[in-house]
Each structure stands twice: as C-alpha cells, then as structure tokens.
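Visitor: Handing you a structure now.
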Amino acid sequence: IFLPAVCWTVISYILLTIPGSDLPTSHFFEIVYFDKWVHIGMFSLLVVLWCIPFFKHQMKQKKAFIAVFLLTIMYGITMEFVQKYFTADRSFDLTDIAADIIGAICGLGFVRILKRKKLLKNKPL
C-alpha cells in the first residue's frame, strides 16, 4: 500500500537530481516562479501519498501524519544539500526549502480534509 508513495519519492529524487544544464529554460518559467510551484506540488503529493496508508490506523494516525510531515521537510532540506554538493549545475536555494515546506503544509491540510470527509461518511445519521 506504500507503493505509490515509494514510487513518487523515487521520481522526486530523480527530478531533484537532474543536472541543472538538462532542465528546460524559459523566460516564462521565471515570471511565474514555475520552479517554486513544482516544489510545492511535489512535496504536497509526497505528504498525501505517505499519509494515505495510515488512514486505517486511527490510534497512530496523528503521530504518523506529523512524522510524515516532518520527514518530508527534512527530505526537502537534505535534497537541497544534495543539489549543492552532488548534482551538476544545481545549487542550494532557501526559497526551494520554503516552497517544500509550503507544499508539505498544503499536503497535510489536504490529508486533514480527506480524513474529515472520510470520518463524516462513516458516521451514522
């Protein structure tokens, strides 16, 4: 059941370690902060996919969601160092970390919405 989360983690790792010279460039991408929106989307999806398997475990759910959230942020910070020291033509960027954190917050918010809707469906009228 963790397979989608594992697959997306691998995909995100690949995307975050592509050499900078292989990334497309366009003036449009700079205007709309495309890179930051990509980070927000990637990290939102990471949180959602890692939290979904814990929906069955009511007792451990809150701790699991918090752990996923914090681990996702740590992953984002770590990947910035990987980009700086181990990836060609990439650099450490604090605004990428901020976008990763915003993405993780959005993902956690979406998970909370899903949880509430699921709980409402299961309640008797």
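The values are calculated or read from the model by the stated rules, or taken from the named source; none is laboratory data. Since the structure is predicted, the reported quantities are computational estimates derived from the model, not experimental observations. Reconstructed Cβ throughout: ideal geometry from the backbone, glycine too, with neighbour counts over all protein chains shown. These area figures cover heavy atoms from the full protein model, side chains too; ligands, DNA and RNA do not enter into them. Shrake-Rupley method; radii C 1.70, N 1.55, O 1.52, S 1.80 Å.
Visitor: Is segment 26-41 home to any residue that is under 20 Å from PRO4 (Cα atoms) and in contact with a helix residue (DSSP H, G or I) (Cβ under 6 Å, 6 or more places away or on another chain)? Let's see the steps before the verdict.
Guide: First, pick out the residues of segment 26-41 that are under 20 Å from PRO4 (Cα atoms): 38-41.
Of the ones still in play, those that are also in contact with a helix residue (DSSP H, G or I) (Cβ under 6 Å, 6 or more places away or on another chain) are 39-40.
Within segment 26-41, one or more residues are under 20 Å from PRO4 (Cα atoms) and in contact with a helix residue (DSSP H, G or I) (Cβ under 6 Å, 6 or more places away or on another chain).
Visitor: Report the residue count in segment 8-22 for those that are touching a helix residue (DSSP H, G or I) at 6+ places or on another chain (Cβ under 9 Å) and without any contact (Cβ under 8 Å) to a residue 12 or more places away in the chain. Explain how you work it out, then say what you get.
Guide: Here is the first cut: in segment 8-22, the ones touching a helix residue (DSSP H, G or I) at 6+ places or on another chain (Cβ under 9 Å) are 8-9, 11-13, 15-17, 20.
Going one step further and asking which of them are without any contact (Cβ under 8 Å) to a residue 12 or more places away in the chain, we end up with 11.
Residues flagged as touching a helix residue (DSSP H, G or I) at 6+ places or on another chain (Cβ under 9 Å) and without any contact (Cβ under 8 Å) to a residue 12 or more places away in the chain within segment 8-22 amount to 1.
Visitor: Just to verify a result, which residue in segment 56-73, among those that are among the hydrophobic types (A, V, I, L, M, F, W, C) and over 10 Å from ALA104 (Cβ atoms), is surrounded by the fewest Cβ atoms within 10 Å (Cβ to Cβ)?
Guide: The initial filter retains those residues of segment 56-73 that are among the hydrophobic types (A, V, I, L, M, F, W, C), namely 59, 64-71, 73.
Add one more test, that the residue is over 10 Å from ALA104 (Cβ atoms), and what stays is 59, 64-67.
Numbers: MET59: 7, ALA64: 16, PHE65: 20, ILE66: 11, ALA67: 14.
Only one residue tops the list, namely MET59.
Visitor: Give the residues of segment 16-29 that are open to solvent by 70 Å² or more (accessible area, probe 1.4 Å) and either polar (S, T, N, Q) or within 21 Å of THR87 (Cα to Cα) (or both), sorted by residue number.
Guide: Step one: list which residues in segment 16-29 are open to solvent by 70 Å² or more (accessible area, probe 1.4 Å), which gives 21-22, 24-25, 27-28.
The answer is SER21, ASP22, PRO24, THR25.
Visitor: Among the residues of segment 96-116, which ones are surrounded by fewer than 18 Cβ atoms within 10 Å (Cβ to Cβ), in contact (Cβ under 8 Å) with a residue 40 or more places away in the chain and touching a helix residue (DSSP H, G or I) at 6+ places or on another chain (Cβ under 6 Å)?
Guide: ILE102, CYS106, PHE110
Visitor: Within segment 55-69, work out how many residues are free of Cβ contacts under 8 Å to residues at least 12 places away in the same chain and not small (Gly, Ala, Ser).
Guide: 8
Visitor: What is the one condition in (1) open to solvent by 60 Å² or more (accessible area, probe 1.4 Å); (2) modelled with pLDDT under 95; (3) under 19 Å from VAL10 (Cβ atoms) that PRO53 does not satisfy?
Guide: (1)
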